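Structure first, then comments.
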Amino acid sequence: MRYVSPYDPAARTPVAAAPRPESPAGRTVALLDISKNRGAEFLDRMETLLRAEGASTARVTKEIFSKPAALGLIDEIASGGGLVVEALAD
């Protein structure tokens with residue numbers, strides 16, 4: 001898998017991707033719905049697949065997709081200590 005950064009490399013020093021776990025088993029996965037159409041449908045399917053692999057899941061939702069997530073929501077996700085799947089588009 002190749003990581004592609006959305007940032008212009010001329011404007012920002014490239015940063016290595018965070019290490020990925022071998023498996024989601026035993027991990028907590030935050031499923032972040034950014035409130036775009038069909039995001040919940042995508043996350044429903046991801047939740048089914050992740051639970052089948054032994055992960056636990058927690059659903060979180062941004063208030064609106066066009067604004068940054070509230071700091072409280074970011075803290076809630078970060079304190080979970082697990083992984084995140086974000087439903088980006090419809």
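May I ask you to give the percent of accessible area on the chain that is carbon plus sulfur, with a probe radius of 1.4 Å?
On the chain, the fraction of accessible area on carbon and sulfur atoms equals 55 percent.
I'd like the accessible area for SER66, computed on protein heavy atoms only with a 1.4 Å probe and all protein chains in place. Round to 10 Å², please.
Its heavy atoms expose roughly 80 Å² to the probe.
Which number do you get for Rg(Cα) / (2.2 N^0.38 Å) in the range 5-57?
After normalising by residue count via 2.2 N^0.38 Å, the value is 1.52.
Under a point-charge model restricted to the Cβ atoms of Lys and Arg (+1) and Asp and Glu (-1), what is the dipole moment magnitude of the chain relative to its Cα centre, in debye to the nearest 20?
For this selection, approximately 160 debye.
Can you list residues whose amide H is under 5 Å from ILE34's amide H, if they're 5+ apart or on another chain and H is modeled 1.01 Å from N?
LYS62, ALA87
Within the chain, report the chymotrypsin sites (Phe, Trp or Tyr not before Pro) that DSSP leaves as loop and that have at most 12 other Cβ atoms within 10 Å.
Qualifying residues, ordered by number: TYR3, TYR7.
Roll a 1.4 Å probe over the protein heavy atoms and report the accessible area of GLU76 in Å², nearest 10.
Accessible surface of GLU76 is approximately 100 Å².
Would you rank LEU43, LEU88, LEU50, LEU83 by solvent-accessible area, highest first, keeping every protein chain in place and using a 1.4 Å probe?
LEU88, LEU83, LEU50, LEU43
Tell me the per residue accessible area of the chain using a 1.4 Å probe; a whole number in Å² is fine.
76 Å²
The values are calculated or read from the model by the stated rules, or taken from the named source; none is laboratory data. Keep in mind that this is a model prediction, so the values were computed, not measured. Glycine gets a Cβ as well: all are built from the backbone with ideal geometry, and neighbour counts include every protein chain shown. Accessible surface is based on the protein model in full, side chains and every heavy atom, while ligands, DNA and RNA are left aside. Shrake-Rupley method; radii C 1.70, N 1.55, O 1.52, S 1.80 Å.
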